[in-house]
Each structure stands twice: as structure tokens, then as C-alpha cells.
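Student: Structure provided below as C-alpha cells; questions to follow.
Every read-out reported here was derived from the displayed coordinates using simple, explicitly stated rules and does not represent laboratory data. Keep in mind that what you see is a predicted model, and the values were worked out from it rather than measured. Glycine gets a Cβ as well: all are built from the backbone with ideal geometry, and neighbour counts include every protein chain shown.
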Amino acid sequence: MSQESEIPIVGVTLKRWGAERHIVTTDRYTGKILDLNPGFCSSIHRHHEKMETFYVWSGIVRVEIYDDAGQIRTERYDLTCGQAKTIFPGAYHCFQGLIPSTVVEFSTPHRDEDVERIRESMARNVSDE
């Protein structure tokens with residue numbers, strides 16, 4: 001395999017909602033593959049600096065945006081293969097696979113101190129509002 005075609009997986013982080021496969025992280029950008037298990041959603045969280053775009057590779061992914069207090073859902077998107085949603089810094093959000101789903105995440109670099117969670121990842125039925 002030539003050097004140009006190699007895509008090494010830097011590492012895998014298991015999450016309650018699935019797994020993050022880290023492809024690349026530099027001081028300017030990060031690329032990950034997110035494998036989402038249905039029945040679980042991510043935490044409701046925001047980043048003060050990080051901007052991220054979720055591109056749905058397969059499945060159906062629900063992305064929810066919340067008000068500035070992180071309490072009231074203000075937007076909901078059910079994205080299918082080929083659709084994307086950008087989350088801007090400061091926006092509380094969460095995501096879940098409605099069926100087994102794969103998302104490619106493009107973002108500025110992740111820093112743990114840039115994450116503010118108001119609810120941890122949890123089991124969630126698709127019909128939950």
C-alpha cells in the first residue's frame with residue numbers, strides 16, 4: 001500500500017453510545033469515525049472553542065440542539081446517508097443513532113477542558129422526547 005493511500009487509525013475510544021475511531025489529530029483539525037449504537041445518545045454538551053461537522057456515512061442520526069441553558073431542545077435533525085450538520089462553538093447538542101449508524105466527524109481539535117456537559121450519555125428510546 002502506498003503512503004498516500006494509508007489511513008492509520010490512531011486509536012479507538014469506547015463510549016456508552018458506541019465508539020470513536022480516531023483517524024487524525026493535528027493542532028489544526030481532527031478526523032474521527034463515530035460508530036453509533038441505537039438505543040443510546042451522547043451527553044448533552046457544548047464546546048466553547050471546538051467546531052464540528054457530522055457527516056452521516058450510513059444509518060440515521062438524530063442531532064439535537066438546545067437553548068443557551070441546555071434545557072430546551074430548539075432544533076432536531078434526523079440525518080441520513082450523505083447529509084451533514086455543523087455544530088458551532090457554544091451550542092449545546094447531543095446525537096444518537098436511530099439505527100446502527102456511522103458518522104464521520106470533522107472538527108477543530110478536541111480538548112477535554114473545552115467540554116461542558118449538563119447530562120451524561122444515556123440509554124434513550126427513539127420515541128423519547
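Student: Regarding segment 3-123, what are the three Cα extents along the principal axes, ordered largest first, in Å?
Tutor: Over segment 3-123, Cα extents along the principal axes are 47, 30, 24 Å.
Student: In debye, nearest 20: dipole of segment 3-123 around its Cα centre with unit charges on the Cβ of K, R (+) and D, E (-)?
Tutor: Here the size comes out at about 320 debye.
Student: Return the FRET efficiency for the residue pair Arg28, Arg76: r is the Cβ-Cβ distance, R0 is 30 Å, and the value is rounded to the nearest 0.05.
Tutor: 0.45
Student: Once phi is turned into θ = phi - 60°, what whole-Hz ³J(HN,Hα) does the Karplus curve with 6.51, -1.76 and 1.60 give for every residue of segment 45-61, x standing for Gly and Pro?
Tutor: 3J(HN,Hα) across segment 45-61, in whole Hz: 8, 9, 10, 7, 10, 6, 10, 9, 10, 9, 10, 7, 7, 7, x, 10, 10.
Student: A further question on this structure: Dipole of segment 3-123 (Lys/Arg Cβ +1, Asp/Glu Cβ -1, origin at the Cα centre): which of Val115, Ser101, Leu34 lies farthest to the positive side?
Tutor: Ser101
Student: Now for a separate question. Counting only trypsin sites (Lys or Arg not before Pro) that are in a DSSP loop and have at most 11 other C-beta atoms within 10 Å, tell me the longest site-free stretch of the chain.
Tutor: Of all site-free stretches, the longest is 29-110.
Student: Quick check: residue separation of Thr86 and Asp112 times 0.36 nm, minus the Cα distance between them. What number comes out in nm?
Tutor: Contour length minus the Cα-Cα distance gives 7.4 nm.
Student: Let me ask you something else. Taking other Cβ within 10 Å of each residue's Cβ, how do Leu98, Leu36, Leu79 sort, fewest first?
Tutor: Leu98, Leu79, Leu36
Student: Going by amide H atoms built from the backbone, whose H comes under 5 Å of the H on Lys50, apart from near neighbours?
Tutor: Residues meeting the criterion, in which the H sits 1.01 Å from N, do not exist here.
Student: Please rank Asp67, Asp27, fewest neighbouring Cβ atoms within 10 Å first, as an exposure proxy.
Tutor: By the 10 Å Cβ count, ascending: Asp27, Asp67.
Student: In terms of modelled amide H atoms, which long-range or inter-chain residues lie less than 5 Å from the amide H of Phe40?
Tutor: Those qualifying (amide H under 5 Å, at least 5 residues apart or on another chain) are Gly97, Arg124.
Student: For segment 17-87, compute the orientation-averaged projected area of the C-alpha convex hull (one quarter of its surface), in nm².
Tutor: Here the figure is 5.3 nm², rounded to one decimal.
Student: Each label point is 7 Å from the Cα along the Cα-to-Cβ direction; what then is the distance between the points at Asp67 and Glu49, in nm?
Tutor: The answer from the label model is 3.0 nm.
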